[in-house]
């Protein structure tokens with residue numbers, strides 16, 4: 001009788017250890033899969049500081065004067081690309097960083113430190129006025145919803161971006177851009193709607209090139 005009980009106990013213990021082993025293996029596998037999924041979804045972020053002294057002032061008045069610029073006889077603008085944001089009817093060209101008309105008082109403005117759209121994982125940084133003047137090209141940006149599209153036409157290619165983040169920063173002459181390092185990004189910066197002390201940053205990520 002005792003021998004039979006001992007045999008049954010051994011069998012029970014064997015089954016128990018077998019279940020424990022299966023549990024531990026399953027837990028290890030599920031934990032590794034969880035970490036793998038987390039790593040895939042956990043984007044690497046970077047903060048990039050850019051100087052935006054040209055747009056820290058509040059532009060809410062029609063009488064704001066454009067600063068004088070000398071230009072050659074061939075024409076005032078020589079656009080290198082075009083930005084369009086269909087949901088808010090923005091369609092405006094931009095000039096090179098060195099062009100004297102690369103300024104928010106004339107155009108949307110490429111910010112020093114910007115990349116061009118064809119740079120992989122780069123960041124195209126464009127600023128524009130918000131207000132009631134004739135050159136407040138970003139006046140309706142605050143109406144954008146997440147997922148809205150922005151398109152840049154550059155070097156005979158069309159780059160389509162989707163809005164993924166919007167946040168406000170103080171007007172201090174610089175802006176910290178928080179964006180995903182693993183994506184090509186378009187950053188639009190303008191004065192915050194109905195605020196005299198803040199600027200709004202719109203982060204778009206590249207979704208298509210054609």
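Here is how the numbers come out for the structure above:
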read-out	value
Mean separation of Cα contacts under 8 Å, 6 or more apart, over the residue count of segment 117-206: relative contact order %	34 percent
Stretchable slack from residue 97 to residue 208, in nm (0.36 nm times residue separation minus alpha-carbon distance)	37.5 nm
Residue exposure sequence - 103, 132, 142 - by fewest surrounding Cβ within 10 Å	132, 142, 103
Full-stretch length increase - residue 112, residue 198 - with 0.36 nm per residue and alpha-carbon distance subtracted	28.9 nm
Residue exposure sequence - 181, 146 - by fewest surrounding Cβ within 10 Å	146, 181
Sites residue 132 and residue 172, calculated FRET efficiency, Cβ-Cβ separation with R0 25 Å, nearest 0.05	0.55
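Quick note: the coordinates plus some simple rules give every number you see, no bench work behind them. Keep in mind it's a predicted model, so treat the numbers as computed, not measured. Backbone-built Cβ (ideal geometry, glycine too); neighbour counts: all protein chains shown.
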